[in-house]
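Working notes, beginning with the structure itself.
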Amino acid sequence: MNGNKQALFGPDMDRENRENREKRFLFGVSIGVDRNTTALAVMERLAGARSIYIVKKLERMAENSSPEMVADRAFAIRMSDDLRDHKVDLFVDISAAGAAALRPMKSLKQSPFGFFITSGTKIARDRREVTLPRRDVVTTGKMLLEGGRLQIAQELEDAVLLRDALLGCPTEVEAGADAWRAGRNEDYVMAVLIPVWYAENYITGSPNRRPRGPMKFGRIPGEW
């Protein structure tokens with residue numbers, strides 16, 4: 001065991017080391033453009049018959065942050081002590097920024113799927129881009145939050161803000177409105193809910209997993 005791992009896990013704690021190494025995290029990024037902000041969120045997934053998701057990190061970048069800046073910040077978080085030695089799955093909301101926003105992340109040896117949030121009703125996939133109905137994402141998130149399976153670490157500075165944004169997030173949007181930012185603080189909302197929605201439906205061990213679902217992802221979209 002090297003010094004970094006000792007500092008992270010503590011010496012002579014084999015069981016704790018093993019449990020920590022088995023942790024799995026979901027990393028969500030919702031990229032904004034122009035005056036829309038970009039949010040990054042990290043959720044720990046506690047697997048079981050009914051998985052629990054705990055929002056452990058929540059961060060907002062300045063307006064007009066470029067995709068390159070977002071990729072650099074995401075990579076720095078990924079390489080932090082809390083995440084470096086664990087499995088992390090990456091999900092990126094590119095509803096506003098478009099598929100081009102994924103290129104900087106790919107240059108950092110990241111391989112995420114990009115998600116477009118729509119007001120439609122169908123899930124569709126074109127290579128590494130996924131069209132995802134807002135209704136599905138928000139409904140799943142609210143059910144998990146109200147059922148105690150989506151939790152927010154109390155020490156987060158914006159814990160209350162995120163909770164209120166999730167509870168107040170509209171499921172549907174008016175015709176012609178942007179499906180991806182229909183309310184305040186929805187950069188936070190989508191950074192959290194897109195990864196959680198995916199985990200609930202497509203990661204092994206989740207109660208609603210659809211191994212032969214409409215996207216047929218196969219491997220995790222952006223295991224990092």
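No value in this document is a laboratory result; all are computed from the given coordinates. This structure is a prediction, so every number in the text was calculated from the model and none was measured. Note that each Cβ is placed from the backbone with ideal geometry, even for glycine, and that neighbours are counted across all protein chains shown.
On a full-extension model of 0.36 nm per residue, what is the gain between Ala100 and Gln154, subtracting their alpha-carbon distance, rounded to one decimal in nm?
The Ala100-Gln154 span can extend by a further 15.9 nm.
Return the Cα extents of the range 18-202 along principal axes one, two and three, sorted largest first, each rounded to a whole Å.
Between the extreme Cα coordinates on each principal axis of the range 18-202 lie 50, 39, 33 Å.
For a footprinting-style exposure proxy, rank Met43, Met79, Met190 by other Cβ within 10 Å, fewest first.
With the sparsest Cβ surroundings first, the list reads Met79, Met43, Met190.
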